[in-house]
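The values are calculated or read from the model by the stated rules, or taken from the named source; none is laboratory data. Since the model is a prediction, treat every value here as computed from it, not as a measurement. Cβ: placed from backbone, ideal geometry, glycine included. Neighbour counts: every protein chain shown. The protein model used for the area step is the full one, side chains on, heavy atoms only, and it has no ligands, DNA or RNA in it. Shrake-Rupley method; radii C 1.70, N 1.55, O 1.52, S 1.80 Å.
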Amino acid sequence: MSEALLEIRGLTVGFDVPGGRLPAVAGIDLTLGKGEILALVGESGSGKSALSMSLVGLNRGPRTHIGGEVLFGGRDLVGAGEKELREVRGKDIAVVFQDALAALNPTQRVGDQVAEMIRTHRRISKRNASKRAEELLGEVGIANPGQAARAYPHQLSGGMRQRVMIAIGLANDPAVLIADEPTTALDVTIQAQVLRLLKRLQRDHGTTIVLITHDLGVVAEVADRVAVMYAGRIIEQGTRDEVLFDPQHPYTMGLLSSVPRVDGPAVSRLPAIAGSPLTGVARPDGCAFAPRCTFVHEACQKQTPPLQRRYAGEAHLDACVLDEAGRARARGALEEVAQ
Amino acid sequence: MSPTPLMEIEDLRVEFTGSAGRRVRAVRDVDLTIYEGETLGLVGESGCGKSTLGRAMVRVTEPTGGAIRYLGADITKLRGTVFRKTRADLQMVFQDPFGSLNPRRSIADIVAEPLLRARGTGRDEARKIVDDLLDQVGLGREAGTRKPHEFSGGQRQRIGIARALAPSPRFVVADEPVSALDVSIQAQVINLLSDLIRERGLTMLFISHDLGVVRHIADRIAVMYLGQIIEIASRDDFFAGPAHPYGEALLSSVPALSKEPRRERIELTGELPDPADPPAGCTFHTRCRYATDMCRTEAPVLREVQPGREVRCHLPLIPVKGTS
Ligand SMILES: Nc1ncnc2c1ncn2[C@@H]1O[C@H](COP(=O)(O)OP(=O)(O)OP(=O)(O)O)[C@@H](O)[C@H]1O
Ligand SMILES: Nc1ncnc2c1ncn2[C@@H]1O[C@H](COP(=O)(O)OP(=O)(O)OP(=O)(O)O)[C@@H](O)[C@H]1O
Ligand code: SF4
Ligand SMILES: [Mg+2]
Ligand SMILES: [Mg+2]
């Protein structure tokens, strides 16, 4: 990995809910290298969005408890004040939100929303900001950006709104771009265009990108490294090739076998990991995946297995206590299901 | 046994007044039949009118012109009680899970609402149906007491699915219903939908950008471009090779989960068309790699080129045969 740009240490995010405190992020260590594209994948509800929002304090509130450290440019953002964070947000670290409709202001034209982000961090005339906003809308593949800029969010399709969010994220050429499901509402041809844009930013501007996505095909196309989350923790981490083509954790293996493909035989039932993820406040000891894991045994329930190097490459970490033979069996069993 | 048409759409048009008062023709010239018990996958470019078509079919959006027949009766003119009854049969899973959930109400109330309002189900029975549905979509019945903002993107999406299924509809428009789910939960939800289709004879319009997902759930595929349907084919025919050049580009752009970079990918260059001012001739000609002079001037019509296979292109990519 290249030089470290952002270091997350022991990050926790807890939400107060009726039954107690929900551990949405339960202790994460992660280092982002300058200019890399890291894909963050994993279970729905595993804390990916909570993690990304807490990096720049976007989910602070009386019922949210954030702990640990986020080190960036010599300071800790978890402890930083609101004023300091406002400087960082959008300019150094930009977040493209998952839910575009909720994140955009319904009463303001989208072009003005992009221009406003530019003007927050730069001394630039209104006119030039609007011009730049239109350019950005064009760059993310919106047809007739001049017209789109004058539209209100509800006048745009889901995919157009999503691209407006990406344009806002790119407005100030941030050092780190955190893009939360930026292409889910896009058709695959426009998705390919947005992915090329991300690659270009990485190459030409050295932008560090965290790409949160459920689409493992997208991960295969653009990611340098991959981290897999389950129930608030990273359970596997490594290079794209290591995680996608030599998975070590049974959850990662299960995910990969559930991908519906456009080639090969069409199956009538997709292989799915049985059971539901943990969503409640209570988190029993041991591996969080144990209740759904086919290969669970006694050792799994004793304590939460730490994320560390086990049987794979040097930087290929996982949090599963299975030994080498157990992993081979797990892989074999899944291949059988996939037949 | 010949299939029974459940939804028949004739010459449907939906227009909006866009920014600066321009007329946006979001859906035009759409003729489409969806048969009882089938799932029709609807794919196409972002902004081409898929959601608008789906919303018009369940009358969340009012069509500008044309007819929508549900079991033979035109529903575009229905009002009052009759409309409410019919609406309970026709449900929608909305594309924006958050925007479509009332932030002040509990999940259980949101899911129960269509049941209580349109079906007149009693409170206790509704409660049981809601609990079962929340379990089935993998949220768990405990989720019922919480509010929408406490849920992740994928969890909200499943709330929307549960709400649409609650009144036991006959026809569901599912607009990107699994796009925010991880692939394993996605597989569970798709399997659940497949079961409901089989057990209850549910008919569905399934809108998605994920062609892998569409391939696993749809019987037939319709492709849209700039407000119009440009291709209709059976699932296997479409994935064996689209007939329309846009369909071809679409399929070639699916990101592959493989070590090697993809085989040939058709990059769509050329000007992106504006729905308020569609190009003359074939609306795809500005980006089509096969376009000829005829394509630039004459608009192709949607025609049957093989049994059950329709395409709106002067130069379809499959041989024309077997139709009279
Ligand atoms: N404001 C909140 N109050 C209470 N609980 C919350 C809140 N926001 C998120 N949660 C819970 O925290 C957990 C993590 O949510 P998060 O949005 O980070 O998931 P995610 O990994 O982004 O999922 P998805 O892939 O579905 O978007 C979930 O169980 C969710 O229900
Ligand atoms: N309420 C509205 N007012 C004005 N224009 C609208 C409105 N709703 C949709 N449109 C326009 O109609 C066209 C079709 O939008 P629609 O949402 O149906 O597209 P879509 O195919 O669902 O796209 P996506 O895949 O991005 O969700 C777009 O050009 C959009 O801007
Ligand atoms: S009609 Fe012509 S321009 Fe249109 S898709 Fe067919 S070949 Fe391309
Ligand atoms: Mg999320
Ligand atoms: Mg849509």
For segment A:95-173: span of alpha carbons on each principal axis (Å, largest first): 31, 25, 23
Chain A: relative contact order as a whole-number percent, Cα under 8 Å and 6+ apart: 18
Amide H within-cut-off set for A:G68, under 5 Å, with H built and near neighbours excluded: A:T12
Under DSSP loop assignment and at most 14 Cβ neighbours within 10 Å, longest GluC sites (Glu not before Pro)-free interval of chain A: A:4-313
35 Å tail of the calculated P(r), chain B, as % of Cα pairs: 23
Sequence-separation-based contact order of segment A:245-338, relative, with Cα cut under 8 Å and 6+ spacing, percent: 31
Average Cα contact separation per residue, segment B:5-225, under 8 Å, 6 or more apart, as relative contact order %: 28
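Provide B:R104, B:R55 ordered by accessible surface of protein heavy atoms (probe 1.4 Å), highest first.
Most to least solvent-accessible, the answer reads B:R104, B:R55.
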Helix-only mean residue ellipticity at 222 nm for chain A, each DSSP H run of n ≥ 4 adding -39500 (n - 2.57), per residue, nearest 500: -10500 deg cm²/dmol
Coarse-grained scattering of segment B:180-323 at q = 0.10, 0.13, 0.15 Å⁻¹, given as base-10 log I(q)/I(0) from a Debye sum over alpha-carbon atoms: -0.41, -0.68, -0.87
5 angstrom amide H check on B:V172, placed H, neighbours 5+ away: B:Q91, B:T203, B:M204, B:L205
Order of exposure, largest accessible area first, which applies to A:K48, A:K302 with probe 1.4 Å: A:K302, A:K48
Rounded accessible area of B:K85 (nearest 10 Å², 1.4 Å probe): 130
Top positive-direction residue, dipole computed over the protein assembly as shown with Cβ charges, set B:P245, A:P174, A:A319: A:P174
Check: segment A:218-301 dipole with +1 on Lys, Arg Cβ and -1 on Asp, Glu Cβ, in debye: 340
Listed residues B:S100, B:S168 arranged by accessible area, highest first, probe 1.4 Å: B:S168, B:S100
Accessible-area value, B:D277, 1.4 Å probe, nucleic acids and ligands omitted, Å²: 110
Local electrostatic count at B:E150 - Lys and Arg +1, Asp and Glu -1, tallied over other residues with Cβ under 11 Å: +3
Solvent accessible area, Å² - A:D112, 1.4 Å probe, full protein context: 70
Virtual spin-label span in nm between B:V60 and A:R9, 7 Å along Cα→Cβ: 4.7
Kirkwood Rh, Cα atoms: Rg over Rh of segment A:245-338: 0.99
Chain A: most fluctuating residue of A:Q202, A:Q155, A:Q191 per GNM, C-alpha cutoff 10 Å: A:Q155
Segment A:T294-A:D263, extension gain: residue separation times 0.36 nm, minus the distance between their alpha carbons: 8.4 nm
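At 0.36 nm per residue, minus the direct Cα-Cα distance, what do B:K85 and B:A20 gain on full extension? Give it in nm, one decimal, please.
19.6 nm
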FRET E, pair B:L317, A:D323, Förster distance 41 Å, beta-carbon r, rounded to 0.05: 0.20
Simple Cβ-charge dipole of chain A, Lys/Arg +1 and Asp/Glu -1, about Cα centre, in debye nearest 20: 1140
Highest-fluctuation residue, B:R123, B:R200, B:R84 considered, GNM on chain B with Cα pairs under 10 Å: B:R123
Net lengthening on full extension, B:T297/B:A67 (0.36 nm per residue, minus Cα-Cα): 79.9 nm
Cα Rg, Dmax, the protein assembly as shown, angstrom units: 24.5, 75
For segment B:272-319, size of Cβ-based charge dipole, Lys and Arg +1, Asp and Glu -1, in debye: 180
